[in-house]
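The values are calculated or read from the model by the stated rules, or taken from the named source; none is laboratory data. What you see is a predicted model; the values in this text were computed from it and never measured. Quick reminder, even Gly has a Cβ in these numbers, built from the backbone with ideal geometry, and neighbours come from all protein chains shown. These area figures cover heavy atoms from the full protein model, side chains too; ligands, DNA and RNA do not enter into them. Shrake-Rupley method; radii C 1.70, N 1.55, O 1.52, S 1.80 Å.
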Amino acid sequence: SAQAAIRIAVEMVQERLITKEEAILRIDPKQIEQLLHPMIDPMAKKEVVAQGLAASPGGATGVVVFSPDRAEEWIQKGESVILVRMETSPEDIHGMNVASGILTARGGRTSHAAVVARGMGKCCVVGCHELHIDYKTSQMTVRDTLIKEGDTITLNGSTGEVYLGGVPTIRPKLGPDYHKLMSWVDEIRTLKVRTNADTPHDTRVAREFGAEGIGLCRTEHMFFDLARIDAMREMILADSEKARRKALANLLPMQKGDFVEIFREMKGYPVTIRLLDPPLHEFLPHNNKDLSELSKKLDIPFSRLKRKAKSLDEFNPMLGFRGCRLGIAYPEIYQMQVQAIMEAACELVLEEKIELYPEIMVPIIGDVKEFGFIREYIMSVCEEVQSRYQTRVAYKIGTMIELPRAALTADRIAKIADFFSFGTNDLTQMTFGISRDDSELFLPKYIESKIYEGDPFVSLDVTGVGKLVEIASQLGRKTKPGIKLGICGEHGGDPASIEFCHRSGLDYVSCSPYRVPQARLAAAQSAINHPETAIWSS
């Protein structure tokens, strides 16, 4: 077990049998996850009913529910629930929040369900293709087994197994040996470890696990709360800039409040905030029933609402109207977000004397002119807010490198960027031409046939995607030697990918809160195994 391995290593150092470096190298970073989640009791009897992909570790038992609303209803009855979906979407967030575990029939290890569950520290199994879900009758079948809403199942997020009934779990504890080992880890590693966090709670958890800042705060996640999404929808449905700005004024205090809490939790450390990234259609209902309810709630004719939803629908939204394209077409959206960021920062600096380092990040840049257009009005808003509050905040403006063209023209972008953050989830999709949400239909065969060495969405493809990261790093630091370089894709928590980031001279990696400890350990192991770094590192 992880506890035994750590205790043995620490005691051998204390008895001068091995060095601190040897102790660190003896621990598998992935073992650390055993210490952070309830794990399935290995001695318990289990009846495996289905097999999916292990997306977020730990064990969870609960009654099956098939909708986020029903999850909330069962929770109010005092039950633990397992939310089962074909695949999750941002509209399911309220159900995912209350669920003990999440199970999906589709998706890979970087699907929406997997990424959100890891951020929340919840057990999750995805890509369980054996599931046949019938939402109308609230039941599912797995071969000859029928499972109805209210039946109990258990998930093993470490193996991807689904068990019938309840299975006991074991909750390990972090002891003094763990803290001693991690103190040695932090002495040795040179790579900083940040977290991907979107809420004050996630930020607090990540700090407790040793995160040294936020590498990715996804602002869109702040809008999916049930109390806020209608205000967001009003903005999307607005027919003029004036109406849009009016709706955005209602969203401003909500965003500002979140930033105040996040900055407060992460005081003294950098916080990288990504401006709105997903296409706007993700915020609207997808069926007539939900559209009809929304039309009544917002007092908007159903026909007009349906036309708007249809106009926003895209054949390939991954390559569509998202990211900086939103900021160019509707500058008022990003202006509101920047105003919220800077007002929150200025108020904390003045009222609580907190040391703050906001980093404003523009997504999906493909051309330096896109970045220049948006950077200009970001700076204008920042200066206006600071002037109004009569104080200064050490803010930075940078971009995500997630398109191959951005990587290949990084020398031009670096002239006006304060930092690069490699969004390797999208950079992998764009480079391979593979959708991470659909790849599980054929990717296992590629791996089995040795066409790919492993899943490129789990461990960074050093040969192709990694080469783009290295090219962008070299070009960026050739133009601006002090530019900060980090990685904020899910690869930031993968030990093999962290080793590549260390060797490539990046400044930091960023990962989900519950992966921070293993990232710290992997960074120390990389420093021991590769004391030299890239010649262009700062």
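Here are some notes:
- In segment 305-362, residue surrounded by the most Cβ atoms within 10 Å (Cβ to Cβ) [restricted to those that are among the acidic types (Asp, Glu) and in a helix (DSSP H, G or I)]: Glu343
- Condition check for Val142: over 30 Å from Arg520 (Cα atoms) and touching a His at 6+ places or on another chain (Cβ under 8 Å): yes
- A single member of Ala414, Ala340, Ala345 is of a type in the set (A, V, I, L, M), over 30 Å from Lys242 (Cα atoms) and under 26 Å from the mean Cα position of the chain (by Cα), and it is Ala414.
- Restricted to segment 2-95, the set of helices (runs of 4 or more DSSP H) holding at least 2 residues that are without any contact (Cβ under 8 Å) to a residue 12 or more places away in the chain, open to solvent by less than 60 Å² (accessible area, probe 1.4 Å) and farther than 19 Å from Glu149 by Cβ comprises 2-14.
- Scanning segment 96-118 for residues that are of a type outside the set (Lys, Arg), open to solvent by less than 30 Å² (accessible area, probe 1.4 Å) and part of a helix (DSSP H, G or I) yields a count of 6.
- For segment 382-395, the set of residues classified as under 27 Å from the mean Cα position of the chain (by Cα) and either within 17 Å of Ile483 (Cα to Cα) or open to solvent by 10 Å² or more (accessible area, probe 1.4 Å) (or both) consists of Val393, Ala394, Tyr395, listed by residue number.
- Note on segment 459-491: residues that are assigned to a loop (DSSP other than H, G, I, E, B), in contact (Cβ under 8 Å) with a residue 60 or more places away in the chain and open to solvent by 50 Å² or more (accessible area, probe 1.4 Å) amount to 1.
- Test result for Gly101, touching a helix residue (DSSP H, G or I) at 6+ places or on another chain (Cβ under 9 Å), free of Cβ contacts under 8 Å to residues at least 60 places away in the same chain and closer than 29 Å to Gly454 by Cβ: yes
- Taking the listed residues Thr399, Thr391, the one that is polar (S, T, N, Q) and under 20 Å from Gly215 (Cβ atoms) is Thr399, with no other qualifying.
- Count - residues of segment 401-431 that are in contact with a helix residue (DSSP H, G or I) (Cβ under 8 Å, 6 or more places away or on another chain), part of a helix (DSSP H, G or I), of a type outside the set (Asp, Glu) and open to solvent by 50 Å² or more (accessible area, probe 1.4 Å): 3
- Of all residues in segment 509-519, none satisfies being surrounded by fewer than 24 Cβ atoms within 10 Å (Cβ to Cβ) and touching a His at 6+ places or on another chain (Cβ under 8 Å).
- Every residue from segment 155-183 that is within 25 Å of Ile24 (Cβ to Cβ), hydroxyl-bearing (Ser, Thr, Tyr) and crowded, with 19+ Cβ neighbours inside 10 Å: Ser158, Tyr178
- Take the conditions (1) farther than 24 Å from Pro278 by Cα; (2) part of a helix (DSSP H, G or I); (3) open to solvent by 40 Å² or more (accessible area, probe 1.4 Å); Lys450 misses just one of them, which is (2).
- Among the residues of segment 246-260, the one identified as among the basic types (Lys, Arg) and touching a helix residue (DSSP H, G or I) at 6+ places or on another chain (Cβ under 7 Å) is Lys256.
- Within segment 211-268, considering residues that are in contact with a His (Cβ under 9 Å, 6 or more places away or on another chain) and open to solvent by less than 30 Å² (accessible area, probe 1.4 Å), the one modelled with the lowest pLDDT: Phe224
- Of the residues making up segment 191-205, those that are of a type in the set (S, T, N, Q) and either open to solvent by less than 10 Å² (accessible area, probe 1.4 Å) or at pLDDT 95 or above (or both) are Thr195, Asn196, Thr203.
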